[in-house]
Amino acid sequence: MFGSGAMTNSINEFDAADLFLVTGSNTTEQHPLIGTRIINAKQRGAQLLIIDPREIPLAKFADLHLRQNIGTDVAVLNGMMNVIIEENLYDKEFVTTRTENFEQLKEVVSKYPPKAVEKISGIAAADLKKAARMYAKADKAMIAYAMGITQHTTGVDNVKSCANLAMLTGHLGRAAVGVNPLRGQNNVQGACDMGGLPNVYSAYQPVIDANVKKKFEEAWKVEGLDDKPGLTITDMMNAAQQGELKALYIMGENPLMSDPDTAHIEHALSNLDFLVVQDIFLSETAKKADVVFPAASFAEKDGTYTNTERKVQLACKAVNPPGQARPDWQIICEISKLAGYPMNYESPADVLKEINALSPSYGGITLERLSKGFGLQWPCPNIEHPGTAFLHKDKFSKGLGTFMPCEFKPPAEMPDDEYDFMLTTGRIYYQFHTGTMTRRVSILEREAPEALLEINPEDAKKLGIRNKDKVEVSSRRGSLQMKAEVTERVPPRVVFSTFHFSEACINVLTNSAFDPVAKIPEYKGCAVKVRRCA
Amino acid sequence: MKTLAKKDINKILSIWSQKHDVLAPTKMDNGDCIFSAFDEKAFTLDYKKPPLSPKSVFFPQSEIIFRVEKNRYNEVVAAKKALIFGLRSCDMMGIRQASSFMSRDNKDIYYQARQNAAATVVMACPKAQNETCFCTTTLSGPVAKKGFDLQLYDIGDTLLVEIGSPRGEELLTGMPLAEMEESQAKQKIDEFLQNAILTIPEVKSVIDAMNKLKDRKIAEKVWDDFGAKCITCGGCAFVCPTCTCFNVYDHQQAAGEGIRLRAWDACLYSGFTREASGHNPRASQASRLKRRHEHKLLDYNNTDIQDGLCGCVGCGRCSDYCPVHIGTLEVVKAITG
Amino acid sequence: MKRTRSVCPFCGCGCSFYILSENDRVVGIEPSPENPVNKGMLCVKGWNAHEFIHSPERLVTPLIRKQGELVAASWDEALKLVANKLMDTHKKYGPRALGFLSSAKVSNEENYLMMKLARAVFKTNNVDHCARL
Ligand code: SF4
Ligand code: SF4
């Protein structure tokens, strides 16, 4: 691959692209103001290519919509590359001067001719060819993807395959092209950038690097920083279940609803000696805690947030927190002080100064500059630097871009005789994440008050299910009841629901099998059975 | 005619600020220009129409309308003395439309209290603020005909002052006024108006569209196409100076304690018309958009605002801020095709 | 009515808006007209981001579990309890027995401090957040 997990290009560049390949992203519902740019681009004549099993709202505008079988993305993308190489549509100059490992890619994708891909993915060979040609021939083609690509046991392979496709066709390193993961929550990008990850400090500085360790030891005036990667959230839950993890401090997350296989998480959390949750509401997870800290909401504190295009923006305090609630940063400082390590910050601005000093790509993103404008995109190494709209302009951050071909692997759990449906999960427009905030907005709650199970009319008929009938859906891990929505949005043998609603949170059913590298669970596919409730 | 020196304007606003919450065009640090609490250093006369119209002063997006304390009900009618400086004539017309609606049948006491407490100082529009202005078509600009307390004409170093009400008169007490001879002032205003109108051409198709709507001669496909694009953000209703729909909800804080609030709602949201049975008389986004635009261009015809044209005041905000370009101008274009 | 610049909390687009407030209450939202991300526009979630802030269900005091129930407690008590428990666990079972989850919903500064707390104070790299989810 060629760099870190961030959008290579900027939101504004969507206005200049000639073709969009949208895959695993329900853009108009999850990133509405990026989705609208695609709709508008369509009206000015841009092409839209969608690869998604569901008939997402954007599909109405698609020139071509490929509805692959769930979890067959690698095969589909390999098939497209097969056609592109076979028909000599790849960017030879780009491949020769900017990439390595082309021969290996060629070898792997040669095993995926359109006919073979049709068998795996259900996509007609003719459509696959058409898609490959459209993408390869466009001058400025952008790939946009989201959790539909990453939330698979083969998530990393899916991402690599998108990158391979972009490199092969030279759709990288310029304006209005690139590989653009749309990050879900408002500061996922920032949480990663700040080192909220077990293997890196801020700005992706590896914990195993001795120089980095030394740098942070000196800056923080401590000794003996841990130089081995820690546990991911998925591993932490397993460690808790096994009694190895004893205490967990959770800030602003609700894993009991957002993580797969609720029963497993519940067991893991109750196995802890001590659980601290810091949140603005008493979330399902907070209800299990030994101590709950009341936190301030975004409107009640100063701070910066990094959006999906790597842009750091400033938000300021508008009102005081209710009651005794305090901003998260103050609570952490208090704990630190009591634990014998005083953190002397007067304000988030002081913290930002330390971030500037210790995180190279954030070096020039100062409060002063942020307050005078609309934000800065990292990398922005110093205060003269204007920020970076698109990455990999003349070379990749690691020199040559390496093709990393992947073989297709089926999802961890496939439908069988008993669990005969594939369940896929996602979000809806009116709700956000586990619903702690949006379900407390009366208009949003009015628009979408309950969980629904989308099921294809063909299947509904067979099972005697009518629209809004109550159904029971079960997997090997649990069972839930909710109303059915009979709709063509899902293909036959596939059902869909969300994790916004605690009354029927779909993660009771999902599989915690995860990608071996990224540790992202397979939310997008597991086997279930469905029946109508009496 | 009374005049003020432009260089004094900051001083004058400071004086008004002593007794009013003054909302005025403000250049923010980041470069945005919006209406915000008057701040001498950030105040500017070089501004465009902000996303929110002044209705947000009389009818805030969210507002407490009563409290229940110890099981007793207490109405909350909150109104501070306010002054909106620099609103444009289209927004003045918007206030008149909304006020007329809010005082018909059942008087909306919350709205009226805030409106009575707020003075308006219009800045006549010297030119189109951007390409979506069409106030000359809707008969709402570039200068306001009535409704304001004061209206100012910027003719260079001098501001001509038109007094619209006794409250306007009062606002001028103690101010450094000068006098311009009536005929000269009239000539200046005519010139101002001529120049302004030149930059805001009449959009005849708006009238054509209204007629077509009246004759029910519009292909459903127009609405279907818009319905397919609309992302149901509600923004068009929220930025519209004449939209006044709201939703009412309660926050119970403890037994016998709570508040009732109201907050802006939009006819574009499907729950707006959904009935308790689940039935929705306007089931599709297309039908909701059709309803909205009929309401603006058709049903508001011949309103009691005799000198206005319809429920649209020609500010162009829905065209500026709809993420998928379904503003009045685009709808008109599609209708008259 | 005060206007304070902010960023929408509901998705990764990062639309920018002003929070309108009056008497320490949020009363509305106005999109930033010039911010290149949203240019005066928002989606339904952004436009309605004002309401949950004053929800009566907001947590307003620290809570501590006593006899199985979460009950209101003082900051002093709650902070001390947490700091002591974390230190005890660290002493008894080592740094790897502690875990810290930071958040895709809080600010960069807060995420930075959470990872600093885990790493500098409790010497563990067991720090992660829900980006994968
Ligand atoms: S502003 Fe546009 S997208 Fe939003 S509700 Fe109105 S018509 Fe629909
Ligand atoms: S307003 Fe909508 S599109 Fe913009 S950041 Fe918020 S949730 Fe995302």
TODO: Restricting attention to segment B:186-207, report how many residues are open to solvent by less than 80 Å² (accessible area, probe 1.4 Å) and in a helix (DSSP H, G or I).
DONE: 10
Task: Residue within segment A:414-425 that is assigned to a loop (DSSP other than H, G, I, E, B) and within 8 Å of chain C (Cβ to nearest Cβ) present - done: no
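Residues that are over 20 Å from A:Phe396 (Cβ atoms): which helices (runs of 4 or more DSSP H) entirely in segment A:84-142 hold 1 or more of them?
Details: elements: A:92-98, A:102-109, A:114-121, A:125-137.
Here the list reads A:102-109, A:114-121, A:125-137.
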Task: Matching residues, segment C:28-54, being away from ligand 1 (no atom under 16 Å from the Cβ) and open to solvent by 10 Å² or more (accessible area, probe 1.4 Å) - done: C:Glu34, C:Pro36, C:Glu51, C:His54
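How many residues does segment A:313-334 hold that are in contact with a strand residue (DSSP E or B) (Cβ under 6 Å, 6 or more places away or on another chain) and either facing chain C (nearest Cβ under 7 Å) or open to solvent by 20 Å² or more (accessible area, probe 1.4 Å) (or both)?
Pass one, segment A:313-334, residues in contact with a strand residue (DSSP E or B) (Cβ under 6 Å, 6 or more places away or on another chain): A:313-316, A:318-319, A:322, A:325, A:328, A:331.
Imposing the further condition that a residue be either facing chain C (nearest Cβ under 7 Å) or open to solvent by 20 Å² or more (accessible area, probe 1.4 Å) (or both) reduces the set to A:313-316, A:318-319, A:322, A:325, A:328.
The number of residues fulfilling the criteria is 9.
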Open item on the list: I'd like to check something: does segment C:60-69 contain any residue that is modelled with pLDDT of 95 or more, away from ligand 2 (no atom under 16 Å from the Cβ), open to solvent by less than 20 Å² (accessible area, probe 1.4 Å) and assigned to a loop (DSSP other than H, G, I, E, B)?
Closed with: yes
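Going by what's in this entry, would B:Pro241 be described as modelled with pLDDT of 90 or more, open to solvent by 80 Å² or more (accessible area, probe 1.4 Å) and more than 16 Å from ligand 2 (Cβ to nearest atom)?
Values: modelled with pLDDT of 90 or more: yes; open to solvent by 80 Å² or more (accessible area, probe 1.4 Å): no; more than 16 Å from ligand 2 (Cβ to nearest atom): yes.
Against the criterion (modelled with pLDDT of 90 or more, open to solvent by 80 Å² or more (accessible area, probe 1.4 Å) and more than 16 Å from ligand 2 (Cβ to nearest atom)), B:Pro241 does not qualify.
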TODO: Counting only residues that are under 26 Å from the mean Cα position of the chain (by Cα), give me the strands (runs of 3 or more DSSP E) lying completely in segment A:256-359 with at least 1 of them.
DONE: A:274-279, A:303-306, A:311-315
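Given the residues A:Ile56, A:Ile51, A:Ile70, A:Ile85, which is the only one that is within 25 Å of A:Arg37 (Cα to Cα), of a type in the set (Val, Ile, Thr), in contact (Cβ under 8 Å) with a residue 12 or more places away in the chain and more than 14 Å from chain B (Cβ to nearest Cβ)? Before you say what the answer is, go through the steps one by one.
Working: A:Ile56 fails: more than 14 Å from chain B (Cβ to nearest Cβ); A:Ile70 fails: within 25 Å of A:Arg37 (Cα to Cα); A:Ile85 fails: within 25 Å of A:Arg37 (Cα to Cα).
After ruling out the rest, the residue left standing is A:Ile51.
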Task: Inter-residue pairs, beta-carbon under 7 Å, first assigned by TED's automatic domain parsing to the domain that holds C:Cys43 and within 17 Å of A:Phe374 (Cα to Cα) and in segment C:4-29, second of a type in the set (D, E, K, R) and within 16 Å of ligand 1 (Cβ to nearest atom), 6+ apart - done: C:Phe17/C:Glu30; C:Tyr18/C:Glu30
- [ ] Give the number of residues within segment A:54-113 that are crowded, with 19+ Cβ neighbours inside 10 Å, more than 23 Å from A:Pro411 (Cα to Cα) and polar (S, T, N, Q).
- [x] 1
Open item on the list: Checking B:Asp190 against (1) free of Cβ contacts under 8 Å to residues at least 60 places away in the same chain; (2) over 30 Å from B:Asn10 (Cβ atoms); (3) away from chain A (no Cβ under 14 Å): exactly one of these is not met. Which one?
Closed with: (2)
Open item on the list: Which numbered condition in (1) closer than 26 Å to A:Pro415 by Cβ; (2) among the small types (Gly, Ala, Ser); (3) away from ligand 2 (no atom under 16 Å from the Cβ) is the only one that A:Ala41 fails?
Closed with: (1)
TODO: Kindly establish whether B:Leu289 is more than 12 Å from every other protein chain (Cβ to nearest Cβ), in a helix (DSSP H, G or I) and within 11 Å of ligand 1 (Cβ to nearest atom).
DONE: yes
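Is it true that A:Ala6 is in contact (Cβ under 8 Å) with a residue 60 or more places away in the chain, in contact with a strand residue (DSSP E or B) (Cβ under 9 Å, 6 or more places away or on another chain) and either open to solvent by less than 40 Å² (accessible area, probe 1.4 Å) or within 16 Å of ligand 1 (Cβ to nearest atom) (or both)?
Against the criterion (in contact (Cβ under 8 Å) with a residue 60 or more places away in the chain, in contact with a strand residue (DSSP E or B) (Cβ under 9 Å, 6 or more places away or on another chain) and either open to solvent by less than 40 Å² (accessible area, probe 1.4 Å) or within 16 Å of ligand 1 (Cβ to nearest atom) (or both)), A:Ala6 qualifies.
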Task: Only one of B:Ser140, B:Ser89, B:Ser103 that is touching a helix residue (DSSP H, G or I) at 6+ places or on another chain (Cβ under 8 Å) and without any contact (Cβ under 8 Å) to a residue 12 or more places away in the chain - done: B:Ser103
- [ ] Run down A:Lys287, A:Lys301, A:Lys337 and say which single residue is crowded, with 20+ Cβ neighbours inside 10 Å, assigned by TED's automatic domain parsing to the domain that holds A:Ile365 and not acidic (Asp, Glu).
- [x] A:Lys301
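Taking segment C:76-105 as the region of interest, how many residues are in a loop (DSSP other than H, G, I, E, B) and open to solvent by less than 10 Å² (accessible area, probe 1.4 Å)? First the steps, then the outcome.
Keep residues of segment C:76-105 that are in a loop (DSSP other than H, G, I, E, B), which gives C:94, C:102-105.
Then keep just the ones that are open to solvent by less than 10 Å² (accessible area, probe 1.4 Å); that gives C:102-104.
Total satisfying the criteria: 3.
From the list A:Ile250, A:Ile208, A:Ile265, exactly one residue is crowded, with 23+ Cβ neighbours inside 10 Å and more than 9 Å from every other protein chain (Cβ to nearest Cβ). Which is it? Please lay out each step first, then the result.
Numbers: A:Ile250 fails: more than 9 Å from every other protein chain (Cβ to nearest Cβ); A:Ile208 fails: crowded, with 23+ Cβ neighbours inside 10 Å.
Exactly one residue qualifies, and that residue is A:Ile265.
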Open item on the list: Residues that are part of a helix (DSSP H, G or I) and within 16 Å of ligand 1 (Cβ to nearest atom): does segment B:245-264 have at least one?
Closed with: no
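Each row is one residue, and each column tells you yes or no for (1) open to solvent by 50 Å² or more (accessible area, probe 1.4 Å); (2) small (Gly, Ala, Ser); (3) in a loop (DSSP other than H, G, I, E, B).
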position: B:Tyr111; (1), (2), (3): no, no, no
position: B:Cys125; (1), (2), (3): no, no, yes
position: B:Thr137; (1), (2), (3): no, no, no
position: B:Lys145; (1), (2), (3): yes, no, yes
position: B:Gly156; (1), (2), (3): no, yes, yes
position: B:Leu160; (1), (2), (3): no, no, no
position: B:Glu169; (1), (2), (3): yes, no, no
position: B:Ser183; (1), (2), (3): yes, yes, no
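It is to be established whether one or more residues within segment C:14-30 are more than 7 Å from chain A (Cβ to nearest Cβ), among the β-branched types (Val, Ile, Thr) and in contact with a helix residue (DSSP H, G or I) (Cβ under 8 Å, 6 or more places away or on another chain). Lay out the reasoning, then the answer.
So the first thing to find is which residues in segment C:14-30 are more than 7 Å from chain A (Cβ to nearest Cβ), and the list is C:17-18, C:20, C:22-23, C:27-30.
This time we only want the ones that are among the β-branched types (Val, Ile, Thr), so: C:27, C:29.
After this cut, where a residue has to be in contact with a helix residue (DSSP H, G or I) (Cβ under 8 Å, 6 or more places away or on another chain) as well, the list is C:29.
Among the residues of segment C:14-30, at least one is more than 7 Å from chain A (Cβ to nearest Cβ), among the β-branched types (Val, Ile, Thr) and in contact with a helix residue (DSSP H, G or I) (Cβ under 8 Å, 6 or more places away or on another chain), which makes the answer yes.
Quick test for you: out of B:Ile65, B:Ile34, B:Ile84, pick the one residue that is open to solvent by less than 20 Å² (accessible area, probe 1.4 Å), part of a strand (DSSP E or B) and modelled with pLDDT under 90.
Sole residue among the options that is open to solvent by less than 20 Å² (accessible area, probe 1.4 Å), part of a strand (DSSP E or B) and modelled with pLDDT under 90: B:Ile65.
For segment C:12-27, what are the residues that are outside any strand (DSSP E or B) and away from ligand 1 (no atom under 16 Å from the Cβ)? Give the derivation first.
Pass one, segment C:12-27, residues outside any strand (DSSP E or B): C:12-15, C:23-24.
Selection gives C:Gly12, C:Gly14, C:Asn23, C:Asp24.
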Open item on the list: From the list B:Thr120, B:Thr137, exactly one residue is within 30 Å of B:Ala286 (Cα to Cα) and touching an Asp or Glu at 6+ places or on another chain (Cβ under 7 Å). Which is it?
Closed with: B:Thr137
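Of the residues in segment B:17-31, how many are in contact with a helix residue (DSSP H, G or I) (Cβ under 8 Å, 6 or more places away or on another chain) and open to solvent by 40 Å² or more (accessible area, probe 1.4 Å)? Spell out how you get there, then give the answer.
So the first thing to find is which residues in segment B:17-31 are in contact with a helix residue (DSSP H, G or I) (Cβ under 8 Å, 6 or more places away or on another chain), and the list is B:22-24, B:29-30.
Within this subset, residues satisfying the condition of being open to solvent by 40 Å² or more (accessible area, probe 1.4 Å) are B:29.
Of the residues in that region, 1 qualify.
What number of residues within segment A:38-51 satisfy the criterion of being open to solvent by less than 20 Å² (accessible area, probe 1.4 Å) and over 12 Å from A:Ala131 (Cβ atoms)?
First, pick out the residues of segment A:38-51 that are open to solvent by less than 20 Å² (accessible area, probe 1.4 Å): A:38-39, A:41, A:46, A:48-51.
Then keep just the ones that are over 12 Å from A:Ala131 (Cβ atoms); that gives A:38-39, A:41, A:46.
Of the residues in that region, 4 qualify.
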Open item on the list: open to solvent by 10 Å² or more (accessible area, probe 1.4 Å) and not charged (D, E, K, R): is that true of A:Gly190 in this structure?
Closed with: no
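The values are calculated or read from the model by the stated rules, or taken from the named source; none is laboratory data. Not measured: the values here are computed from a predicted model. Counting neighbours? That spans all protein chains shown, and the Cβs are built from the backbone with ideal geometry, glycine included. Ligands, DNA and RNA are excluded from the accessible area calculation, which covers all protein heavy atoms including side chains. Shrake-Rupley method; radii C 1.70, N 1.55, O 1.52, S 1.80 Å.
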